[in-house]
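Asks: What follows is a single structure, and I will ask about it in a moment.
The values are calculated or read from the model by the stated rules, or taken from the named source; none is laboratory data. Quick caveat: nothing in here was measured; it's all calculated off a predicted structure. Cβ placement follows ideal geometry from the backbone for every residue including glycine, while neighbour counts extend to all protein chains displayed. Side chains are part of the model used for accessible areas, which takes the heavy atoms of the whole protein and leaves out ligands, DNA and RNA. Shrake-Rupley method; radii C 1.70, N 1.55, O 1.52, S 1.80 Å.
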Amino acid sequence: MITVSQLSLHYGGKYLFDECSFVVGIRDRIGLVGKNGAGKSTLLKIIAREIQPESGAIITPNSYRIGYLPQDGATGSGRTVYDETLSVFEDILRLEQSIHELSDELGQRDDYESEEYLRIVHDISDFNEEFTRRGGLTLHADVERILQGLGFASDDLSRLTDEFSGGWQMRIELAKILLAKPDCVLLDEPTNHLDIDSIQWLEQFLRNYDGAVILVSHDRAFLDAVTNRTIEITRGTIEDYSASYSRYVEMRAERRAMNLAAYKNQQREIERTEEFIERFRYKASLASRVQSRVKMLDKIDRIEPEEEDLAAIAFSFPPAPRSGLIVAQAENLYKKYGDKTVLHGIDFELGRGDRAAFVGKNGEGKTTFSKILAGTEIYDGQLVIGHNVVIGYYAQHQAESLDGNSTVFEIIDNAATGDMRTRIRSLLGAFLFSGDDVYKKVKILSGGEKSRLALAKLLLQPSNLLILDEPTNHLDMRAKDVLKRALLNYDGSLVVVSHDREFLQGLTSKVYEFRGGKIRETPGDIYEFLRLRQLENLQQLEKSRQSLQAKPAAESDRKANVPPDREERKRIERERRRLERRGTELEYEIAEYEKRVAELENIMSKPDFYSSGNSSDLLLEYEKEKRKLDADLDEWTAINESLESIANN
């Protein structure tokens, strides 16, 4: 358990934290939210003891272990991926080495009755017990399981870490943290380095993790899948909600509405009291009543209206010039880097008004093909860009490519032409750069501020084909929502590379999955693609099960004369009825668990909860009930997907 007590820190003349306090429970899943610059990453660094606050304390039990993954900063080690990840188990490996050395020594001795011989036997027994207790027996399997879950192929494990990009090296650091199993895991924007498959794997891992998790993420779907508590950092204070992100948004709106109503009611009461005092101040017969009202007014606990930070980006893309019917068309397109073929015989067509999402594991060629479409990468094969197509391109690391020694104003001023030169201040203001902010050097901007500046630069020239490669990295929730609304209203063609499911939802009309050097088109948005792929995986699993269960005809003479399709239909019908019965049972269980979880959340949301004597017991009960609920929901979802698969077959 972590206690954050009276934490204060100010930066740039304002408080990031002003006497903030909260407690992290044993299995809390906390999402830290707030606008860019609110102090989310700073709070993680303080909890990880990488920086010191001006006042206040981080209190943890003795031997409490914290694992911290920053946004970036990982570098190659000169070791293989496998060896670098395995290094987190140095203590266990030393223990294993000691067991081997003692066993070798024992094999060379024949003084079976001596005290020294018995001592060695005793030490080996103790070391083996400790080795087993600390997971030594499954150590190597765990390393491979975690690395593969985070997207590493089997062949990658023997490659040097230096061969991988910064994003992949961050995955190695994440794997080391997860394998070390600290009491609390701190993750700062972990999904920035992951593809959709790895994100879904990490969601499942963190839901079942036997410890606390505190994470910063601008991926709404990821937060909803993992967290059960949300802490908002705003204007130097924190607001604590016992809910995942989407529910927190609703609760925050409800609470602010109640606060405003209570404030208005109190103000009306104060006005009536002051009016009474002023009206009868000089009437001797009412002097006692007036004095009573004065005392009452002095003692009143005045409600302060909550200030909401409403600063937000305000922009829309310029109208798109009209293009030809075919915007881009590729035939038999190849791309190689040395001996490695990234894209192999790609056929692709994008029509006017088409909106496409590129998805797939990192390294499968999404960014490469985006660069080819944008005209910044050479290739083999044929690619035709349509008539009157004007491309606007936002590269994955566009924000980092900005000149760090230039000011915000200079970046836009150097890129602006024509009438836009007279509207630079307005454009920067729309992206929250106002006053002296426009004279800041780019190198001191936060990741979110750089991303906003790069987006502002993109608006300087009207385009009818937008190619956006991971545009939401480093953008906060509000900025992402504004960008998505602007893209929904954009009247040109769109290609977007993203792993953010909530951002992609409803934004595109088709999805291209990159896998094995090829691309495959699926109509619909990202959730339709994920549903169809999950269904496809279930069908493949069912076929493999059937093939394992199939028996030669000679093995059962009793069924020799029964047509196989009829027998198979009977088996499927029995399975369908079994699944339906179990699904009904789960629905009753889920309803009971949801009721109890809601009761506990209501108790935990009260201001005096953590000061009560039984808060720890209730937290443990809450975690237990929540795990049961999550397990039932997962099983219920799998059952319904299986039933849908049976119905479609």
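Asks: Go through the range 317-334 and give me each residue that's under 20 Å from V496 (Cβ atoms) and open to solvent by less than 20 Å² (accessible area, probe 1.4 Å).
Replies: Selection gives S323, V327, A328, A330, L333.
Asks: Let me ask something else. Output the number of residues of the range 492-536 satisfying the condition of being among the hydroxyl-bearing types (S, T, Y) and in a loop (DSSP other than H, G, I, E, B).
Replies: Result for the range 492-536: 3.
Asks: Could I ask something else about it? Which of the residues spanning the range 146-167 are surrounded by 14 or more Cβ atoms within 10 Å (Cβ to Cβ) and modelled with pLDDT of 85 or more?
Replies: Residues satisfying the conditions are I146, L147, Q148, G149, L150, G151, F152, D156, L157, R159, L160, T161.
Asks: Among the residues of the range 60-92, write down those that are more than 20 Å from A48 (Cβ to Cβ), in a helix (DSSP H, G or I) and open to solvent by less than 50 Å² (accessible area, probe 1.4 Å).
Replies: V81, Y82, E84, T85, L86, F89, I92
Asks: Let me ask something else about it. Looking at F433 and the list (1) out of contact with any Ser or Thr (no Cβ under 8 Å at 6 or more places or on another chain); (2) over 30 Å from A356 (Cα atoms); (3) open to solvent by 10 Å² or more (accessible area, probe 1.4 Å), which single condition is not satisfied?
Replies: F433 satisfies every listed condition except (3).
Asks: While we're looking at this one, here's another question. Quick one: how many residues across the range 27-39 are open to solvent by less than 30 Å² (accessible area, probe 1.4 Å) and either more than 27 Å from R627 (Cβ to Cβ) or assigned to a strand (DSSP E or B) (or both)?
Replies: Matching residues across the range 27-39 total 8.
Asks: Moving to a separate point now. If Q396 satisfies every condition in (1) within 24 Å of G39 (Cα to Cα); (2) under 28 Å from the mean Cα position of the chain (by Cα) but one, which is the exception?
Replies: (1)
Asks: Separate question: Any residue at all in the range 372-379 that's under 30 Å from K518 (Cβ atoms), of a type in the set (G, A, S) and either exposed (fewer than 13 other Cβ atoms within 10 Å of the Cβ) or modelled with pLDDT under 90 (or both)?
Replies: Within the range 372-379 (the criterion being under 30 Å from K518 (Cβ atoms), of a type in the set (G, A, S) and either exposed (fewer than 13 other Cβ atoms within 10 Å of the Cβ) or modelled with pLDDT under 90 (or both)), the answer is yes, since at least one residue qualifies.
Asks: Moving to a separate point now. If you take the residues of the range 198-242 that are part of a loop (DSSP other than H, G, I, E, B) and within 16 Å of the chain's Cα centre (by Cα), which of them is surrounded by the fewest Cβ atoms within 10 Å (Cβ to Cβ)?
Replies: Looking at residues that are part of a loop (DSSP other than H, G, I, E, B) and within 16 Å of the chain's Cα centre (by Cα), I get N208.
Asks: Over 26 Å from A479 (Cα atoms) and surrounded by 20 or more Cβ atoms within 10 Å (Cβ to Cβ): which single residue out of A175, A180 fits that description?
Replies: A175 is the lone residue from the list that is over 26 Å from A479 (Cα atoms) and surrounded by 20 or more Cβ atoms within 10 Å (Cβ to Cβ).
Asks: Conditions first: (1) part of a loop (DSSP other than H, G, I, E, B); (2) at pLDDT below 85. P53 passes all but one, so which condition is the exception?
Replies: Here P53 meets the rest and fails (2).
Asks: Among the helices (runs of 4 or more DSSP H) confined wholly to the range 364-435, which include 2 or more residues that are farther than 30 Å from L325 by Cα and out of contact with any Cys (no Cβ under 6 Å at 6 or more places or on another chain)?
Replies: 408-415, 424-430
Asks: From the list I346, I300, which residue is within 30 Å of A257 (Cβ to Cβ) and open to solvent by less than 60 Å² (accessible area, probe 1.4 Å)?
Replies: None of the others qualify; the one that does is I300.
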